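The structure under discussion appears below in the form of structure tokens.
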Amino acid sequence: MTNPATTDIVDHWVDGKPWTGESTRTAPVFDPALGIAQRSVRMATGEDVGVAVAAAAAALPAWADSSVATRHRFLLDFRELLNARKDELASILTAEHGKVLADAAGEIARGLEVVEFALSMPHLLKGEFSQNASTGIDVYSVREPVGVVGIVSPFNFPAMVPLWFFPIAIAAGNTVVLKPSEKDPSAANWLAALAADAGLPAGVLNVVHGDKEAVDALLTHPQVAAISFVGSTPIAEHVYRTATAHGKRVQALGGAKNHMLVLPDADLDLAADAAVNAGFGSAGERCMAVSVVLAVDSIADDLVARVAARMTGLRTGDGRRGCDMGPLITREHRDRVAGYLDTAVADRARLVVDGRDSAVDGDPNGFWLGPTLIDRVPITSAVYRDEIFGPVLSVVRVEGFEHAVEIVNASPYGNGTAIFTNDGGAARRFQRQVHVGMIGVNVPIPVPVAYHSFGGWKASLFGDAKAYGPNGFAFFTREKAITSRWLDPSHGGIDLGFPRNR
Ligand code: NAD
């Protein structure tokens, strides 16, 4: 298998092989730590997407009809290959996304967990059976694939987010067209080629690259039955509205602004460690990053000092050099994030650590911004309100528990939140009162394990189904209920009444 991250141009992957498509449009793919384009990626037209969907539709009948054993065996082989070659994938992630190698390895580990969960498919796809529900009548339900599934993924987890969806979709007998982010496209091709090496028939997993044009073609294509989307809130809302208007089943996971509440009885050293790890890991480009610490006034000065002290030890630089934090994804994004530091000063917040001053162990042309800490951020400021998606940690001072819950619940987002405390009663009250989909108790990044489902509330998830876990299998299957009677002479006679159980 050719490593797609070593080619000059990233092709689509359709019907089991690289495919150039008809479009002449391309986009540059940068190495964010070097600040230069390393290769380019093809940008599909709507017609190109149609070819990929046709390949998936052609592969569907045989794959949907394949035995549970066949699909299970593929997943086993895929899991083994992915585990054996994960270092290769990690280097692709670092080269195109910029995240440090250790973080890339963590992303792959969480993706592997979903493949391992999908291996429980023989059990999860079992239907239910009621013998003699009415006299001589059995009722049973079975789960069938929904059809061709479109998956659209964001730049920040180029391997993990596709792995949240396609192993489960394929396990359930669907075929897939994946449209990854055009900013770091190679991981998707690498995964598709690996799936082919693991024996996946051509056409079951296809990859098309592109932007809005490609996405909109998927959302409106009559042969696409379901859409799994992950990205920013405005696009998630567009995807949800467009695809549901075209009769599709949709789960669209959106943006986030995650709060971490620190109560006065918390262990402040552990809370400071957690805030730094969850605020600056992956340069803050995680939908589950902590971007706001809600510090109760009485301990806020102490907590801010402890966080700032830890930040002096963080090394920002090239992810291949053993640094703690890599660059941002593009120059435009880096400049946009840095702009919030000026906003903070204008809004009379206190810039405690200014990431623009950080030393960098990397090429001067990289898209660098060091870890930044801003205290006393007013909740009216754009620094508080916007999803910044960078290494900027805000501290909002609160009077106490009720005030903090009020702030969390007033946010339009409801992805993740955490409470740090040694008071079990307060933690329990927090968990019950916040309108948020994923909650950590002394755990700053509460991404559920693969056998629980992942997803937020409010503007962080449009649609009813979360990602992976039991919700994943429910989303990628349709249920049929069968009422069955094998006739014998006792069943004769005329009765025009509505069928009743006897
Ligand atoms: P994005 O919304 O810009 O892009 C996501 C996908 O949509 C990409 O594949 C992109 O090509 C496509 N896209 C972009 N503009 C489009 C348009 N106008 N119409 C149709 N499709 C379009 O997001 P991003 O910058 O790649 O990723 C970061 C965002 O994703 C953040 O907001 C982050 O919170 C969110 N995210 C959410 C989760 C979650 O689970 N809730 C997980 C990861 C990332």
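Within segment 256-272, is there a residue that is near the ligand (Cβ under 8 Å from one of its atoms) and either touching a residue at least 60 places away in the same chain (Cβ under 8 Å) or under 29 Å from Val337 (Cα atoms) (or both)?
yes
Kindly provide the set of residues from segment 201-213 that are surrounded by 23 or more Cβ atoms within 10 Å (Cβ to Cβ) and either at pLDDT below 95 or not in a loop (DSSP other than H, G, I, E, B) (or both), ordered by number.
Leu205, Asn206, Val207
Condition first: of a type in the set (Gly, Ala, Ser) and either open to solvent by 30 Å² or more (accessible area, probe 1.4 Å) or modelled with pLDDT of 95 or more (or both). Now tell me which residues in segment 133-153 satisfy that.
The answer is Ala133, Gly136, Ser141, Gly147, Gly150, Ser153.
Does Glu406 satisfy the condition of being farther than 22 Å from Ala226 by Cβ and open to solvent by 50 Å² or more (accessible area, probe 1.4 Å)?
For Glu406, the condition - farther than 22 Å from Ala226 by Cβ and open to solvent by 50 Å² or more (accessible area, probe 1.4 Å) - is met.
Which residue out of Pro201, Pro180, Pro185, Pro222 is more than 24 Å from Leu125 (Cα to Cα), outside the structural domain of Gly414 (by TED's automatic domain parsing) and more than 15 Å from the ligand (Cβ to nearest atom)?
Pro222
What do you reckon, is Ala57 closer than 20 Å to Ala195 by Cβ and open to solvent by less than 40 Å² (accessible area, probe 1.4 Å)?
For Ala57, the condition - closer than 20 Å to Ala195 by Cβ and open to solvent by less than 40 Å² (accessible area, probe 1.4 Å) - is met.
Might you let me know whether segment 401-422 holds any residue that is at pLDDT below 95 and part of a helix (DSSP H, G or I)?
no
Residue-by-condition table, conditions (1) in contact (Cβ under 8 Å) with a residue 60 or more places away in the chain; (2) of a type outside the set (Asp, Glu); (3) assigned to a helix (DSSP H, G or I):
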{"site": "Gly21", "(1), (2), (3)": "yes, yes, no"}
{"site": "Thr24", "(1), (2), (3)": "no, yes, no"}
{"site": "Pro28", "(1), (2), (3)": "no, yes, no"}
{"site": "Leu34", "(1), (2), (3)": "yes, yes, no"}
{"site": "Ala37", "(1), (2), (3)": "no, yes, no"}
{"site": "Gly50", "(1), (2), (3)": "yes, yes, yes"}
{"site": "Ala58", "(1), (2), (3)": "yes, yes, yes"}
{"site": "Ala62", "(1), (2), (3)": "yes, yes, yes"}
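Only residues that are within 12 Å of the ligand (Cβ to nearest atom) and either assigned to a loop (DSSP other than H, G, I, E, B) or of a type in the set (D, E, K, R) (or both): list them for segment 446-468, please. Break it down stepwise before answering.
Just the residues of segment 446-468 that are within 12 Å of the ligand (Cβ to nearest atom), to begin with: 447-448, 453-463, 466-468.
Across segment 446-468, the qualifying residues are Val447, Pro448, Ser453, Gly455, Gly456, Lys458, Ala459, Ser460, Gly463, Lys466, Tyr468.
Which of the residues spanning segment 275-332 are among the polar types (S, T, N, Q), within 16 Å of the ligand (Cβ to nearest atom) and either in a loop (DSSP other than H, G, I, E, B) or within 19 Å of Phe30 (Cα to Cα) (or both)?
So the first thing to find is which residues in segment 275-332 are among the polar types (S, T, N, Q), and the list is 277, 282, 291, 298, 312, 316, 330.
Filter once more, keeping what is within 16 Å of the ligand (Cβ to nearest atom): 282, 291, 330.
Within segment 275-332, Ser282, Thr330 meet the criteria.
Check Leu393 against each of (1) in contact with a Lys or Arg (Cβ under 9 Å, 6 or more places away or on another chain); (2) within 23 Å of Val296 (Cα to Cα) and name the one condition it does not meet.
(1)
Of these, Ala171, Ala193, which one is more than 10 Å from the ligand (Cβ to nearest atom) and surrounded by fewer than 24 Cβ atoms within 10 Å (Cβ to Cβ)? Explain how you work it out, then say what you get.
On the way: Ala171 fails: surrounded by fewer than 24 Cβ atoms within 10 Å (Cβ to Cβ).
Matching residue, one of Ala171, Ala193: Ala193.
What number of residues within segment 214-224 satisfy the criterion of being open to solvent by 10 Å² or more (accessible area, probe 1.4 Å) and either closer than 29 Å to Gly390 by Cβ or within 20 Å of the chain's Cα centre (by Cα) (or both)? Explain how you work it out, then say what you get.
Going through segment 214-224, the residues open to solvent by 10 Å² or more (accessible area, probe 1.4 Å) turn out to be 215-217, 220-223.
Subsequent filtering for residues that are either closer than 29 Å to Gly390 by Cβ or within 20 Å of the chain's Cα centre (by Cα) (or both) retains 215-216.
So the answer is 2.
Based on what the data block shows, is Arg73 open to solvent by 30 Å² or more (accessible area, probe 1.4 Å), within 27 Å of Phe476 (Cβ to Cβ) and not in a loop (DSSP other than H, G, I, E, B)?
Yes.
When only residues in segment 226-241 that are open to solvent by less than 30 Å² (accessible area, probe 1.4 Å) and more than 8 Å from the ligand (Cβ to nearest atom) count, which is nearest to Ser453 (Cα to Cα)?
Ser228
With respect to Asp87, determine if the residue is part of a helix (DSSP H, G or I), of a type in the set (Asp, Glu) and in contact with a strand residue (DSSP E or B) (Cβ under 9 Å, 6 or more places away or on another chain).
No, not satisfied.
Filter segment 469-483 down to the residues that are out of contact with any Pro (no Cβ under 9 Å at 6 or more places or on another chain) and assigned to a strand (DSSP E or B) and list them by number.
Those that are out of contact with any Pro (no Cβ under 9 Å at 6 or more places or on another chain) and assigned to a strand (DSSP E or B): Glu479, Lys480, Ala481, Ile482.
Given the residues Asp357, Asp386, Asp347, Asp361, which is the only one that is surrounded by fewer than 17 Cβ atoms within 10 Å (Cβ to Cβ) and farther than 15 Å from Arg315 by Cα?
Values: Asp357 fails: farther than 15 Å from Arg315 by Cα; Asp347 fails: surrounded by fewer than 17 Cβ atoms within 10 Å (Cβ to Cβ); Asp361 fails: farther than 15 Å from Arg315 by Cα.
Exactly one residue qualifies, and that residue is Asp386.
To keep it simple, each residue is scored yes or no on (1) among the β-branched types (Val, Ile, Thr); (2) surrounded by fewer than 21 Cβ atoms within 10 Å (Cβ to Cβ); (3) touching a helix residue (DSSP H, G or I) at 6+ places or on another chain (Cβ under 9 Å).
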residue	(1), (2), (3)
Asp8	no, yes, no
Asp11	no, yes, yes
Thr26	yes, yes, no
Pro61	no, yes, no
Asp65	no, yes, no
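Select from segment 300-343 the residues that are buried (at least 18 other Cβ atoms within 10 Å of the Cβ) and touching a Lys or Arg at 6+ places or on another chain (Cβ under 8 Å) and list them in ascending order.
Residues satisfying the conditions are Ala300, Gly319, Cys323, Asp324, Met325, Gly326, Pro327, Leu328, Ile329, Ala338, Leu341.
Determine if segment 334-353 includes at least one residue that is free of Cβ contacts under 8 Å to residues at least 60 places away in the same chain and within 13 Å of Gly98 (Cα to Cα).
Yes.
When Val250 is evaluated against the numbered criteria (1) in contact with a Ser or Thr (Cβ under 7 Å, 6 or more places away or on another chain); (2) in a loop (DSSP other than H, G, I, E, B), which criterion, by number, is the only one it fails?
With (1) in contact with a Ser or Thr (Cβ under 7 Å, 6 or more places away or on another chain); (2) in a loop (DSSP other than H, G, I, E, B) applied to Val250, the lone miss is (2).
Kindly establish whether Phe367 is over 25 Å from Leu270 (Cβ atoms), more than 16 Å from the ligand (Cβ to nearest atom) and open to solvent by less than 10 Å² (accessible area, probe 1.4 Å).
Considered against the rule, which asks whether it is over 25 Å from Leu270 (Cβ atoms), more than 16 Å from the ligand (Cβ to nearest atom) and open to solvent by less than 10 Å² (accessible area, probe 1.4 Å), Phe367 comes out as no.
The values are calculated or read from the model by the stated rules, or taken from the named source; none is laboratory data. Owing to the predicted nature of the structure, the values given are computational and were not obtained by experimental measurement. Neighbour counts run over all protein chains shown; Cβ positions are idealised from the backbone, glycine included. What goes into the accessible areas is simple: the full protein's heavy atoms, side chains included, and nothing from ligands, DNA or RNA. Shrake-Rupley method; radii C 1.70, N 1.55, O 1.52, S 1.80 Å.
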